[in-house]
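S.K.: Got a structure for you, questions after.
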Amino acid sequence: MQTWVTVAVTLATLMVAIMDAKIYERCELAMKLERAGLNGFKGYSIGDWLCMAHYESGFDTSLVDHNPDGSSEYGIFQLSSAWWCNNGVTPTQNLCHMECRDLLNHHILDDILCARQVVSSENGMTAWDSWTRHCSGHDLSEWLKGCNMHAKPDPRNNS
């Protein structure tokens, strides 16, 4: 019975999310992240954020991924229902004090605010395995190539 409830809640969430979802273009997302103050936040560049979001969701705000432990990951940054948001199904710490469904639309300010909280935790960007595997220690300047922005590829190199 609980499996059917989980399926029904997930389907209802996805139907609502798909109507208001967006797959961002790389430069459009880069500018949005820069305007939100993420360039240099906790020492991470816009390139770090773009690389992580690309490998987590393909810049898709409606993506929901289900984990073997029963939790799910939501939105453009794939924030976990076990830690960061409440999906109404699985136990959660809900450290961002929000509903997971609110991470599935094209309004990503709440996603950004929650992701800032993740990065402010002791794990930083290593909270995302994809960032560790694909982004950490790599030249991230390609992520900003062709974008008309003021952000430098790596704020740690600013003089």
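S.K.: Part of a loop (DSSP other than H, G, I, E, B) and surrounded by fewer than 20 Cβ atoms within 10 Å (Cβ to Cβ): is that true of C147 in this structure?
M.R.: On the way: part of a loop (DSSP other than H, G, I, E, B): yes; surrounded by fewer than 20 Cβ atoms within 10 Å (Cβ to Cβ): yes.
Yes; evaluated as a whole, the condition is true for this residue.
S.K.: On to the next question. Might you let me know whether the range 72-86 holds any residue that is at positive phi, out of contact with any Pro (no Cβ under 7 Å at 6 or more places or on another chain), in a helix (DSSP H, G or I) and open to solvent by less than 10 Å² (accessible area, probe 1.4 Å)? Before you say what the answer is, go through the steps one by one.
M.R.: Here is the first cut: in the range 72-86, the residues at positive phi are 75, 78.
Pick out the ones that are also out of contact with any Pro (no Cβ under 7 Å at 6 or more places or on another chain) and you get 75, 78.
The next check asks that each one be in a helix (DSSP H, G or I); those that pass are none.
Looking through the range 72-86, none of the residues is at positive phi, out of contact with any Pro (no Cβ under 7 Å at 6 or more places or on another chain), in a helix (DSSP H, G or I) and open to solvent by less than 10 Å² (accessible area, probe 1.4 Å).
S.K.: Taking R101 as the residue in question, decide whether it is within 27 Å of H138 (Cα to Cα), open to solvent by 40 Å² or more (accessible area, probe 1.4 Å) and either in contact with a helix residue (DSSP H, G or I) (Cβ under 7 Å, 6 or more places away or on another chain) or of a type outside the set (G, A, S) (or both). Before you say what the answer is, go through the steps one by one.
M.R.: On the way: within 27 Å of H138 (Cα to Cα): no; open to solvent by 40 Å² or more (accessible area, probe 1.4 Å): yes; either in contact with a helix residue (DSSP H, G or I) (Cβ under 7 Å, 6 or more places away or on another chain) or of a type outside the set (G, A, S) (or both): yes.
No, not satisfied.
The values are calculated or read from the model by the stated rules, or taken from the named source; none is laboratory data. None of these values were measured; they are calculated from a predicted model. All Cβ positions, glycine included, derive from the backbone under ideal geometry; neighbour counts span all protein chains shown. All accessible areas refer to the heavy atoms of the entire protein, side chains included, with ligands and DNA or RNA removed. Shrake-Rupley method; radii C 1.70, N 1.55, O 1.52, S 1.80 Å.
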